[in-house]
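K.L.:
Okay, here's the structure, questions in a sec.
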Amino acid sequence: MRSTAGAIENAEPELALDDLCHIIRFFGVRITQEEYSTLQAVAREFSMTELLEEAHLDPFVGM
């Protein structure tokens, strides 16, 4: 999480989103649909929708 926070602090949104996706997948972190929607909105804002799609987070969404 420190690398993700560092990327955010250094205005590196692509690195931050990529790190967060890796954390979710590696640790099997469950996220709500609302949280995933927020990630989608951020990805759209920074033109990184492809990165989020390639992360294949669907199995981790929902509770």
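K.L.:
Can you pull the one-decimal nm distance between simple spin-label points at Glu53 and Ser37, each 7 Å off the Cα toward Cβ?
P.N.:
For the pair Glu53/Ser37, the computed spacing is 2.1 nm.
K.L.:
To continue, here is another question. Return the long-range amide H neighbours of Val61 (sequence gap of 5 or more, or a different chain), with a cut-off of under 5 Å between placed amide H atoms.
P.N.:
Under 5 Å from the amide H of Val61 lie the amide H atoms of Ile31, each far enough along the sequence or on another chain.
K.L.:
What are the extents of the Cα atoms of segment 11-51 along their three principal axes, listed from largest to smallest and rounded to whole Å?
P.N.:
Extents along the principal axes: 25, 20, 18 Å.
K.L.:
Using 0.36 nm times the number of residues separating Arg44 and Val61, minus their current alpha carbon distance, what extension gain do you get?
P.N.:
4.3 nm
Any read-out appearing in this document is the output of simple, stated calculations on the displayed coordinates, not a laboratory observation. What you are looking at is a predicted structure, and each value in this text was computed from that prediction instead of being measured. Cβ atoms come from the backbone with ideal geometry, glycine included; neighbour counts cover every protein chain shown.
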